[in-house]
Amino acid sequence: MAVHVEIPSQLRPLAGGQARVTLEARTVASLIEALEASHPGLKERLLEPSGELRRFVRLFVNEEDIRFLQGRETPLAPGDTVAIVPAIAGG
Amino acid sequence: MASFKELIRQVKAQIREVPVAEAQAALARDAAILDVREADEWAQGHVPGALFVPRGFLEQRVEEKLPDKSRELLVYCAGGTRSAFAARTLLDLGYTNVASVAGGIGKWKEAGLPLVVPRTLSAEQTQRYSRHLLVPEIGEAGQAKLLQSKVLLIGAGGLGSPAGLYLAAAGVGTIGLVDSDVVDVSNLQRQVMHTNASVGKPKTTSGAATLRALNPDVTVVEHALRLEAGNVLDVIAPYDVIVDGCDNFATKYLVNDAAVLTGKTVVYGSIFRFEGQASVFAPGAGPCYRCLFPEPTPSELAPSCDEAGVLGVLPGSIGLIQATEALKLLLGRGRTLVGRLLTYDALETSFREFRVRRDPGCAVCGDRPTIRELSDLEWSCHFEPRPVGA
């Protein structure tokens, strides 16, 4: 399933400078693996060593926070957009 | 022979009059009450809950204000004469349950019953805010609300500057500025509340001068301090809404926790390089900041604007969105960003909106909160990058 991923500016250097990538993945978990395969270093910015989602990064499938869906097992449909939104505090 | 005396006698014979005591009882029964005096009389005091249509506009305006013609309706004026004529007209318009209050406001006051004196605008204010007065969602009542409101700006820098300027322009009556910093020339690329002449001055002093010059109606309170667990509750206490324009996680979590513990709404904003975020955290109505981000980004991954750089116009956009949300909260109008996270990419000119929910497991606003008092965040969580491929 072709799914779009929106990469926040802090992580774009790890994604070849891209703001948006398109990948094949059926779940959020497999999406993160696919991201890591093509852009090494991204996974550890999203997941703790234990595999849990980092608490300063939010992942949304379309408009919904995956914590209120099925977490990393949230299924993805073709055309879905997964947004990575890290905590920022500039002012 | 035709005369005023004859006319009023005839009219009073055709309508129902009630004494003030019965009027008061009718109000307790949820009757509608209509004041038909002139605007200057209304401004000096009216019956609480009354609707206002001057007698000269009665036929044209009353049906829009009182569409239910069978609802119990009382009409009053200063002494009971104009209201008698108004009651006659209302009967002609098809209202079936109308009574005029005998003796009007005069008798109401004599009986010691309460009056409401509306906050009215001066001639200068009517001019200054005329463009607000013309907007139906604001009007004189809304502008009066703004003039009575108090907004606290945490940070008088990138986000605080546009927010402060526009909230002052809008006539928010009291604006508090919290900042412990001093104006530096490098701030002037984006912190538009400050000027060349204020370099070296405390940001609160500089900002206050700018806001007072823009709008003398505004009382600016300068809080030249760094917020900590020991002072934050006292600082935020008098304010209706908090605008979070601070520039570090420690203050964000401190303000969030203080706001949740005291039930105050925070308009959240943050920026990084060319991206911004905004939301509204209203205790009881939606999530708090900790629901969204239970932990801060480690310092190495979250450089400040001074370290990472920032597109100067970016805080202008986000700060304005925050000011807009603050005004909507104060006016009680529109749909706010409660439960919604707005993200903005200035390079793409794209806005995204995400649904954010209260987390039942949230440490401060969840079902079993573990944070019940304030503490200063010791921000020492450290990010250890693993070697690629490990």
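The values are calculated or read from the model by the stated rules, or taken from the named source; none is laboratory data. What you see is a predicted model, and the numbers here were worked out from it, not measured in a lab. Cβ sites come from the backbone with ideal geometry, for glycine too, and all protein chains shown count toward neighbours.
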Go through segment B:122-134 and count every residue that is part of a loop (DSSP other than H, G, I, E, B) and either touching a His at 6+ places or on another chain (Cβ under 7 Å) or within 25 Å of B:Ile242 (Cβ to Cβ) (or both). 1
Within segment A:61-86, can you find the residues that are closer than 17 Å to B:Arg290 by Cα and in contact with a helix residue (DSSP H, G or I) (Cβ under 8 Å, 6 or more places away or on another chain)? A:Ile66, A:Pro86
Of the residues in segment A:48-69, those that are of a type in the set (S, T, N, Q) and touching a residue at least 12 places away in the same chain (Cβ under 8 Å) come to A:Asn62
Can you tell me which residues in segment B:240-249 are under 17 Å from the mean Cα position of the chain (by Cα) and either within 12 Å of chain A (Cβ to nearest Cβ) or farther than 14 Å from B:Val151 by Cβ (or both)? B:Val243, B:Asp244
Just a yes or no: is a residue in segment B:44-54 at pLDDT below 95, more than 19 Å from B:Leu115 (Cβ to Cβ) and out of contact with any strand residue (DSSP E or B) (no Cβ under 6 Å at 6 or more places or on another chain)? no
Within segment B:107-126, does at least one residue satisfy the condition of being closer than 16 Å to B:Gly319 by Cα and more than 22 Å from the chain's Cα centre (by Cα)? no
Are there helices (runs of 4 or more DSSP H) fully within segment B:250-363 with at least 3 residues that are touching a residue at least 40 places away in the same chain (Cβ under 8 Å) and away from every other protein chain (no Cβ under 12 Å)? List them. B:314-331
A:Pro49 passes all but one of (1) within 11 Å of chain B (Cβ to nearest Cβ); (2) assigned to a helix (DSSP H, G or I); (3) farther than 23 Å from B:Gln277 by Cβ; which number fails? (2)
Suppose we filter B:Pro298, B:Pro283, B:Pro315, B:Pro287 for residues that are at negative phi and surrounded by fewer than 19 Cβ atoms within 10 Å (Cβ to Cβ); which single one remains? B:Pro298
Count of segment A:53-81 residues which are in a strand (DSSP E or B), farther than 29 Å from B:Gly155 by Cβ and touching a Ser or Thr at 6+ places or on another chain (Cβ under 9 Å): 3
The lone condition B:Gly276 fails out of (1) under 28 Å from A:Leu53 (Cβ atoms); (2) surrounded by fewer than 24 Cβ atoms within 10 Å (Cβ to Cβ) is (2)
For the subset of segment A:25-45 comprising residues that are part of a loop (DSSP other than H, G, I, E, B) and within 11 Å of chain B (Cβ to nearest Cβ), which member is surrounded by the most Cβ atoms within 10 Å (Cβ to Cβ)? A:His39
Which residues, taken from segment B:61-116, are without any contact (Cβ under 8 Å) to a residue 40 or more places away in the chain and among the hydroxyl-bearing types (Ser, Thr, Tyr)? B:Ser70, B:Thr89, B:Tyr95, B:Thr96
Considering only segment B:318-362, state which residues are crowded, with 19+ Cβ neighbours inside 10 Å and at pLDDT below 95. none
Can you give me the number of residues within segment B:157-189 that are among the hydrophobic types (A, V, I, L, M, F, W, C), under 12 Å from B:Val220 (Cα atoms) and buried (at least 23 other Cβ atoms within 10 Å of the Cβ)? 6
Filter pass, A:Pro75 being farther than 30 Å from B:Gly245 by Cβ and either surrounded by fewer than 15 Cβ atoms within 10 Å (Cβ to Cβ) or at the interface with another protein chain (Cβ under 9 Å from one of its Cβ atoms) (or both): yes
Does at least one position in segment B:144-162 carry a residue that is charged (D, E, K, R), within 14 Å of chain A (Cβ to nearest Cβ) and in contact with a helix residue (DSSP H, G or I) (Cβ under 7 Å, 6 or more places away or on another chain)? no
Evaluate the following for A:Asp80: is it farther than 17 Å from B:Arg273 by Cα, acidic (Asp, Glu) and within 8 Å of another protein chain (Cβ to nearest Cβ)? no
Are any of the residues in segment B:128-145 aliphatic (A, V, I, L, M) and crowded, with 24+ Cβ neighbours inside 10 Å? no
Qualifying positions in segment A:7-19 - surrounded by fewer than 20 Cβ atoms within 10 Å (Cβ to Cβ) and of a type outside the set (A, V, I, L, M): A:Ser9, A:Arg12, A:Pro13, A:Gly16, A:Gly17, A:Gln18
Identity of the residue in segment B:191-239, over 20 Å from the mean Cα position of the chain (by Cα) and among the charged types (D, E, K, R), that ends up surrounded by the most Cβ atoms within 10 Å (Cβ to Cβ): B:Lys203
For B:Phe57, the lone unmet condition from (1) touching a residue at least 24 places away in the same chain (Cβ under 8 Å); (2) exposed (fewer than 14 other Cβ atoms within 10 Å of the Cβ); (3) in a helix (DSSP H, G or I) is (1)
